[in-house]
Amino acid sequence: MIEADELAYELLGTPNEEMWPGVSTLKNWHEYPQWKPLSLSTSVPKLDQAGLDLLSKMLQYEPAKRISAKILIFSLGLHSLLSERKQSLLSYD
């Protein structure tokens, strides 16, 4: 069975100190096969440029570089839906 981390490494490339400073010092880190990153546009060919941009922001190894859930919600235009949902939950008429 292929591990989820290996699937990610095959798509994004094996993380290294250049792309994620400190990765080699993480608990349980060990050497993995060295994969080069694949192009997201080739891997997900039906996704438009905006989708590819958002996906690349979500698929960052280094947590500090990854898009936050709050920004993601606003990027997808879901903030109005969440606001409506919050209002409906608060009104018990």
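Which members of the stretch 34-79 meet the condition of being among the β-branched types (Val, Ile, Thr) and either assigned to a loop (DSSP other than H, G, I, E, B) or within 15 Å of the chain's Cα centre (by Cα) (or both)?
Val44, Ile67, Ile71, Ile73
Okay, residues lined up against (1) in contact (Cβ under 8 Å) with a residue 60 or more places away in the chain; (2) of a type outside the set (Lys, Arg); (3) exposed (fewer than 10 other Cβ atoms within 10 Å of the Cβ); (4) within 30 Å of Phe74 (Cβ to Cβ):
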site	(1), (2), (3), (4)
Asp5	no, yes, no, yes
Thr14	no, yes, no, no
Gln34	no, yes, yes, no
Pro37	no, yes, no, yes
Thr42	no, yes, yes, yes
Leu52	no, yes, no, yes
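Take the stretch 16-32 and flag every residue that is polar (S, T, N, Q) and surrounded by 12 or more Cβ atoms within 10 Å (Cβ to Cβ).
In the first step, residues of the stretch 16-32 are kept if they are polar (S, T, N, Q); the result is 16, 24-25, 28.
Within the stretch 16-32, Asn16, Ser24 meet the criteria.
Show the residue pairs that are 6+ apart or on different chains and have beta-carbon atoms under 6 Å apart, the first residue being within the stretch 56-72 and of a type in the set (A, V, I, L, M, F, W, C), the second being part of a loop (DSSP other than H, G, I, E, B) and open to solvent by less than 50 Å² (accessible area, probe 1.4 Å).
Here the result reads Met58/Ile67, each pair linking the stretch 56-72 to a residue that is part of a loop (DSSP other than H, G, I, E, B) and open to solvent by less than 50 Å² (accessible area, probe 1.4 Å).
The values are calculated or read from the model by the stated rules, or taken from the named source; none is laboratory data. Note that the coordinates shown come from a computational prediction; the quantities given were computed from them, not determined experimentally. Heads up, the Cβs are rebuilt from the backbone with ideal geometry, glycines too, and the neighbour counts pull from every protein chain shown. Surface areas here come from the heavy atoms of the whole protein model, side chains and all, with no ligands, DNA or RNA. Shrake-Rupley method; radii C 1.70, N 1.55, O 1.52, S 1.80 Å.
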